[in-house]
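Colleague: Take this structure, written in structure tokens, and hold onto it; I'll ask about it next.
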Amino acid sequence: MNREELLRFFSGHANSLETAQWLRGTYMPRIIELLNRPIMRRSLGLYQGERIPDNERNLTDVRNRVSLLIENELARLSNQILETSDINDLFWSYVVANRFPDLEIRHRDGTRHMRIEVKCLQSVAEEKSANFDTLKKDINPEYDFVVVFLWEWAYDGTDFLWDRAPKLQECFVFHAYSLAELRDQYWLNKPPGDLGDGYQGFDLRFPVNCNNGVYAQEEGNYGKLLRIWKKGFLYRPQESSVMLDTETEYLRFQEKVLIQGFWSLCEYHLPRLSEGRTMSRIIRDGRTVGAKSGQFGFFSRALLDSKNILPLMLENEVNYGVVMTDKYVSTGYRINDEQLEQLFKGLKPKLLSRAHFGLV
């Protein structure tokens, strides 16, 4: 990543597809590398037994705080990169109006070159509810992008003795206008069943729902990041190279977020239940479908081809199994005389203890 490269992309001299691919493959990986340094993460850590709320409602405030700090650090580090590359005419600025987008790259005379909307998701959040609900009329198809960071708490304080600190796991970059086209094509073609004589659509300011012929502003589900598009959906927007790139990146994003959240829960809760034993992956037909630690195994319903986990548990010498939904609602089992016995249903991983499996 040299001076000429930075100038070309940040000055808008590359097309939107090239820019999305460069941000995804070159620039944002460098940002993740910088943000994940201990000297950066120390400012976000929890120390000496500090606590944050356990309930999901108040945890949202914590996640919003972490997201804002990541966004601020992205802009600050990016300005440092420009300065060290001897680029003094461009700078990253904040959009203080608190609307789309979050950040803009400008010339010193005020000319805008790129706009970036930043979203941050904690991988183990039960409801990853960040929304991309900006209407297409407010998106520039040439230079607007959506950047999504996936992060999780990591218990790895060595240079600085934090109890835990956020660590970035992955970054996804989307051409904003194409992402909005996928979103709208899917939303408009999957209306609720109770429209009555009305329609689902848009006015000049926001999306509009209809319930039995009565119209109202959409209540907040429009644009939820993990519900924007579905693989194989029949009604597709007009295809282009940037649209296909956006769709590919979005499907990768959906799968990665689901799997990464599951693995993060495995890494924390499996050794806790098995009293510190080493964790390993459970593989079926060359594909990872779960993880085990001692006598305990975790399985993700989204990764399993069959609801019957008994063969997997027997093959991998797992006596106590937990199957999680995509929102991490857990059902627990144990093997009794080579038969599967259900022990509990509807628990969250953080509530699990050895007592739930009849162990003390």
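The values are calculated or read from the model by the stated rules, or taken from the named source; none is laboratory data. All values reported here derive from a predicted model rather than from experimental measurement. Every residue, glycine as well, gets a Cβ built from its backbone with ideal geometry; the counts of neighbours run over all protein chains shown.
Colleague: Considering only residues of region 133-152 that are among the hydrophobic types (A, V, I, L, M, F, W, C) and modelled with pLDDT of 95 or more, which is farthest from the chain's Cα centre (by Cα)? Walk me through how you get there before you give the answer.
Modeller: Taking region 133-152 and keeping what is among the hydrophobic types (A, V, I, L, M, F, W, C), we get 135, 139, 145-151.
When the remaining residues are screened for being modelled with pLDDT of 95 or more, the result is 139, 145-151.
Values: ILE139: 22, PHE145: 16, VAL146: 12, VAL147: 10, VAL148: 7, PHE149: 6, LEU150: 5, TRP151: 8 Å.
Only one residue fits best here, namely ILE139.
Colleague: Tally the residues that are polar (S, T, N, Q) and surrounded by fewer than 16 Cβ atoms within 10 Å (Cβ to Cβ), restricting the search to region 107-125.
Modeller: Filtering region 107-125 for residues polar (S, T, N, Q) gives 111, 122-123.
After this cut, where a residue has to be surrounded by fewer than 16 Cβ atoms within 10 Å (Cβ to Cβ) as well, the list is 111.
Result for region 107-125: 1.
Colleague: Output the residue which, of all residues in region 44-61 that are assigned to a helix (DSSP H, G or I) and in contact with a strand residue (DSSP E or B) (Cβ under 9 Å, 6 or more places away or on another chain), is surrounded by the most Cβ atoms within 10 Å (Cβ to Cβ).
Modeller: Taking region 44-61 and keeping what is assigned to a helix (DSSP H, G or I), we get 44, 56-61.
Applying the additional criterion that residues be in contact with a strand residue (DSSP E or B) (Cβ under 9 Å, 6 or more places away or on another chain) yields 44, 59.
On the way: LEU44: 19, LEU59: 15.
My answer is LEU44.
Colleague: Then there's this: Does VAL118 satisfy being farther than 30 Å from HIS13 by Cβ and either touching a Ser or Thr at 6+ places or on another chain (Cβ under 6 Å) or assigned to a strand (DSSP E or B) (or both)? Show your work before the answer.
Modeller: Numbers: farther than 30 Å from HIS13 by Cβ: no; either touching a Ser or Thr at 6+ places or on another chain (Cβ under 6 Å) or assigned to a strand (DSSP E or B) (or both): yes.
Judged against the criteria, VAL118 is not a match.
Colleague: Then there's this: Of the numbered conditions (1) closer than 21 Å to GLU247 by Cα; (2) modelled with pLDDT under 95, ALA97 satisfies every one except a single condition; which is it?
Modeller: For ALA97, the exception is condition (1).
Colleague: Would you call ILE31 outside any loop (DSSP other than H, G, I, E, B), assigned by TED's automatic domain parsing to the domain that holds CYS120 and in contact (Cβ under 8 Å) with a residue 40 or more places away in the chain?
Modeller: Yes.
Colleague: Can you tell me which residues in region 84-106 are without any contact (Cβ under 8 Å) to a residue 24 or more places away in the chain, surrounded by 12 or more Cβ atoms within 10 Å (Cβ to Cβ) and outside any loop (DSSP other than H, G, I, E, B)?
Modeller: PHE91, TRP92, SER93, TYR94, GLU104, ARG106
Colleague: If you take the residues in region 34-43 that are in a helix (DSSP H, G or I) and in contact with a strand residue (DSSP E or B) (Cβ under 8 Å, 6 or more places away or on another chain), which one is surrounded by the fewest Cβ atoms within 10 Å (Cβ to Cβ)? Write out each step before concluding.
Modeller: Let us first name the residues in region 34-43 that are in a helix (DSSP H, G or I), namely 34-35, 38-43.
Filter once more, so that each one left must be in contact with a strand residue (DSSP E or B) (Cβ under 8 Å, 6 or more places away or on another chain): 35, 41-42.
Working: LEU35: 21, ARG41: 21, ARG42: 15.
Going through the qualifying residues, I end up with ARG42.
Colleague: State all residues of region 198-217 that are free of Cβ contacts under 8 Å to residues at least 60 places away in the same chain, surrounded by fewer than 16 Cβ atoms within 10 Å (Cβ to Cβ) and closer than 30 Å to THR248 by Cβ; if no residue qualifies, say none.
Modeller: GLY201
Colleague: Let me spell it out: the conditions are (1) more than 30 Å from LYS348 (Cα to Cα); (2) surrounded by 15 or more Cβ atoms within 10 Å (Cβ to Cβ), and TRP263 meets all of them except one. Which number is the exception?
Modeller: Status for TRP263: all satisfied but (1).
Colleague: For SER306, indicate whether it is loosely packed, with under 15 Cβ neighbours inside 10 Å and in the same structural domain as TYR268 (by TED's automatic domain parsing). So that I can check it myself, show each step before the final result.
Modeller: On the way: loosely packed, with under 15 Cβ neighbours inside 10 Å: yes; in the same structural domain as TYR268 (by TED's automatic domain parsing): yes.
Taking the combined requirement at face value, the residue satisfies it.
Colleague: Surrounded by fewer than 11 Cβ atoms within 10 Å (Cβ to Cβ), without any contact (Cβ under 8 Å) to a residue 60 or more places away in the chain and in contact with a Lys or Arg (Cβ under 8 Å, 6 or more places away or on another chain): is that true of VAL360 in this structure? If you could, list the steps in order and put the result at the bottom.
Modeller: Numbers: surrounded by fewer than 11 Cβ atoms within 10 Å (Cβ to Cβ): yes; without any contact (Cβ under 8 Å) to a residue 60 or more places away in the chain: yes; in contact with a Lys or Arg (Cβ under 8 Å, 6 or more places away or on another chain): yes.
Criteria met by VAL360.
Colleague: If we scan region 137-150, do we find a residue that is without any contact (Cβ under 8 Å) to a residue 60 or more places away in the chain, in a helix (DSSP H, G or I), surrounded by fewer than 22 Cβ atoms within 10 Å (Cβ to Cβ) and touching a Lys or Arg at 6+ places or on another chain (Cβ under 9 Å)?
Modeller: Looking through region 137-150, at least one residue is without any contact (Cβ under 8 Å) to a residue 60 or more places away in the chain, in a helix (DSSP H, G or I), surrounded by fewer than 22 Cβ atoms within 10 Å (Cβ to Cβ) and touching a Lys or Arg at 6+ places or on another chain (Cβ under 9 Å).
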